[in-house]
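Take a look at the structure below.
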Amino acid sequence: MQLGMIGLGRMGANMVRRLLRAGHEGVVFDMSPKAVDELV
């Protein structure tokens, strides 16, 4: 399943990490490039 997440603060980043570990694909956006870099 492909999912999108806008905002990678404390809650958004943890949700994306769990989804990626479960084998899902994600498209993410955050105003801070550093937050995106930490997930990919």
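Quick note: the coordinates plus some simple rules give every number you see, no bench work behind them. What you are looking at is a predicted structure, and each value in this text was computed from that prediction instead of being measured. No Cβ is skipped: glycine too gets one built from the backbone with ideal geometry, and neighbour counts run over all protein chains shown.
Around the amide H of GLY26, modelled in the peptide plane, lie the amide H atoms of LEU3, all under 5 Å away and 5 or more residues distant in sequence or on another chain. Using Cα-Cα distances under 8 Å and only pairs 6 or more residues apart, what relative contact order does the chain have, in percent? Once divided by the residue count of the chain, the mean separation gives 48 percent. Derived scalar couplings between HN and Hα for the stretch 20-36 equal 5, 4, 7, x, 7, 9, x, 10, 10, 9, 8, 5, 9, x, 4, 5, 5 Hz in order, rounded to whole Hz, by the Karplus curve 6.51 cos²θ - 1.76 cosθ + 1.60 (θ = phi - 60°), x for Gly and Pro. Equivalent-ellipsoid semi-axes for the chain (Cα gyration tensor, √(5λ), whole Å, largest first): 16, 10, 9. In terms of packing, defined here as the mean over residues of other Cβ atoms within 10 angstrom, the peptides 21-27, 33-39 line up highest first as 33-39, 21-27.
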